[in-house]
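Following: one structure in structure tokens, then a few remarks.
Nothing in this text is a laboratory measurement; each read-out follows from the coordinates by a stated rule. Keep in mind the model is a prediction, meaning the values are calculated, not measured. Cβ: placed from backbone, ideal geometry, glycine included. Neighbour counts: every protein chain shown.
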Amino acid sequence: MSALSIQLHWQRADAELKTGAHSNAHTVQYGDSYTLTVDAAPDWGGDPANTNPEHALAAALSSCHMMTFLALAAKASWPVASYHDHAVAHLGKNPKGQISVTQIDLHPVVRFDIGFAIDDAKMAEIQDRAYRYCFIANTLADSVKINIL
């Protein structure tokens, strides 16, 4: 199987590391050419202009779900013209009482070429299959509820 890697770098900017008084901003490098600035979520003192791990988790699930859906749609010869999603990660306490991402809601909107349509039941079936086959969904703990709305 594949081994996929990133490079992460954080450098202290202050004279010393103090609780609640240090920056969590860091960079994550994907491959040789793409670098993303990551920080804590704004509720935890991070810069809202940066992404955060919770955003990244929602994005990873949404992206994986979309790619899996598109593979299934292509296999069924569905002429998908566009796919849009609004993914929302919710923080709360897991069954162990630890703060975690407890739920991720996906809101996929699929558009087809003019003249092609799928009924709601068939769309729900394929969305469910995409969820079951998505690597990221299969990686998340059972305590993370995933809704496809």
Sorting Thr37, Ala76, Ala60 by the position of each Cα along the dipole of the chain (Lys, Arg +1; Asp, Glu -1; all at Cβ), the one nearest the positive end of that ordering is Ala76
Expected sort for Glu125, Glu54, Glu16 with the fewest Cβ neighbours (10 Å cutoff) up front is Glu16, Glu125, Glu54
In degrees, nearest 10, the alpha-carbon axis of helix 53-75 is tilted away from the dominant principal axis of the alpha carbons of the chain by 20 degrees
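Treating the beta-carbon of each Lys and Arg as +1 and of each Asp and Glu as -1, no other charges, what is the dipole magnitude of the chain about its Cα centre, to the nearest 20 debye? List each step's numbers first, then the result.
Details: 10 positive and 15 negative charges, 70 e Å.
I would put it at about 340 debye.
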PRE zone check, label point 7 Å out along Cα-to-Cβ of Ile114, amide N under 20 Å, scope segment 45-78, hits 78
Sparse-neighbourhood loop hits (trypsin sites (Lys or Arg not before Pro), segment 1-96; DSSP loop; Cβ within 10 Å at most 15 others) -> Arg12, Lys18, Lys96
Partner aspartates and glutamates whose C-alpha sits under 13 Å from that of Lys96, ignoring same-chain residues fewer than 8 away, are Asp142
From the Cα centre of segment 1-45 to that of segment 120-144, the distance in Å is 30 Å
Flagged as over-length at 31 Å C-alpha distance, from Lys18/Lys93; Lys93/Lys122; Lys18/Lys145, the pairs are Lys93/Lys122; Lys18/Lys145
Comparing Pro95, Pro108, Pro79 in a Gaussian network model of the chain (Cα, 10 Å), the one with the largest mean-square fluctuation is Pro95
So the angle from the long Cα axis of helix 120-133 to the longest Cα principal axis of the chain, reported in degrees to the nearest 10, equals 50 degrees
Note on the chain: contact order normalised by length, alpha-carbon pairs under 8 Å, 6 or more apart, percent, works out to 17 percent
Under a Gaussian network model of the chain whose springs join Cα atoms within less than 10 Å, the largest fluctuation of Ser23, Ser77, Ser63 belongs to Ser77
